[in-house]
């Protein structure tokens, strides 16, 4: 029995539209809600996803320096980490120190991880969607 169900994972950022466009490109999900200050990226408008809310005083994470903590961290499963790394940089990510570690345009760190054996191939999932 659960108390609730995840709705959205919400991130503060200086420009919600820019963050949403970046993650739309990474995950292949559409922007399903946008009021300018709050933008959602999800599989469809009845599915939980990622949300970005305007925070004018947002401070970028300084990972690995702990002065400003990560605040949030994504693990993104991919079929080919090298190809995915080039793709996220083309979308606006910045490479950070570490093994396949990047920051999105608002500075949120994320890692590209090899797809676990139990998960279907990512490319096939994108083509089916």
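Tabulated results
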quantity	calculated
Count of residues meeting criterion [farther than 11 Å from residue 22 by Cβ and surrounded by 13 or more Cβ atoms within 10 Å (Cβ to Cβ)] in region 95-113	8
Looking only at region 86-123, and only at residues there that are part of a helix (DSSP H, G or I) and closer than 13 Å to residue 27 by Cα, the one that is modelled with the lowest pLDDT	123
Complete set of residues in region 1-19 that are surrounded by 17 or more Cβ atoms within 10 Å (Cβ to Cβ) and either over 23 Å from residue 70 (Cβ atoms) or at pLDDT 90 or above (or both)	11, 12, 13, 14, 16, 19
Residue check for residue 36: in contact with a strand residue (DSSP E or B) (Cβ under 9 Å, 6 or more places away or on another chain) and surrounded by fewer than 17 Cβ atoms within 10 Å (Cβ to Cβ)	yes
Selection within region 73-85 - assigned to a strand (DSSP E or B) and either surrounded by fewer than 17 Cβ atoms within 10 Å (Cβ to Cβ) or modelled with pLDDT of 95 or more (or both)	75, 77
Selection from region 13-33 of residues that are closer than 28 Å to residue 86 by Cβ and in contact with a strand residue (DSSP E or B) (Cβ under 6 Å, 6 or more places away or on another chain)	13, 16, 17, 19, 20, 23, 24, 29, 31, 32
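The values are calculated or read from the model by the stated rules, or taken from the named source; none is laboratory data. These numbers were taken from a predicted model, which means no experiment stands behind them. Virtual Cβ from ideal backbone geometry, glycine too; neighbours counted across all protein chains shown.
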